[in-house]
1. Sort Y117, Y66, Y100 so the one with the fewest other Cβ atoms within 10 Å of its own Cβ comes first.
2. Rounded to the nearest angstrom and ordered from largest down, what semi-axes does the equivalent ellipsoid of the stretch 1-101 get from its C-alpha gyration tensor (root of 5λ)?
3. Once R0 is set to 35 Å, what does the formula 1/(1 + (r/R0)^6) return for the Cβ-Cβ distance between S128 and A81, expressed as a FRET efficiency to the nearest 0.05?
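Computed from the coordinates by the stated procedures, all read-outs in this text should not be read as laboratory data. These figures come from a predicted structure and were not determined experimentally. Because the Cβ atoms are built from the backbone with ideal geometry, glycine has one as well, and the counts that use them run over all protein chains shown.
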Amino acid sequence: MTIHIVKLCVGAESVEDLAEWQIGQLKRAQKAKAKSIHPNQKKHPVCGTRMWPKRLEDVLAGGSLYWVIKGVVSVRQTIVAIDDVIDNHGQRCGLYLDAYLQRTVPQPRRAFQGWRYLDPKDAPADLSAAQGGADLPEHLRRQLVELGAW
């Protein structure tokens, strides 16, 4: 059974900030010549986290990482692998992600530490032009959510 993960995107102001950070992350990993760099780090953005998912097989069975940006689930990325990663914090669990950022229907989410499982029935739908709002700037979508109009 597929299960997703939801995590706060600390430090990002928008989906564009997340995209820029991940592009920089890939460039740094490709330049690094250290043997400690995992091969996946040169191909996929990675989110390092302290705790490993106990439901590993369920996450890898089509799960995505849903990012909470400024209190709103705004975007998701498919998890392509889960393996070790070495970053500023040492060796940790690495959630290796597809580079494509799929915007989602905004869903408010309170702050929490670490990450949480997200049941597919509770996950926000992907945002499409047919639903409306896909062409709105992110700050307007966030304001609509805050006002309870979305």
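1. Values: Y117 15, Y66 25, Y100 9.
The order, fewest Cβ neighbours first, is Y100, Y117, Y66.
2. Working: eigenvalues 81, 63, 28 Å².
Each semi-axis is the square root of five times an eigenvalue, giving 20, 18, 12 Å.
3. 0.80
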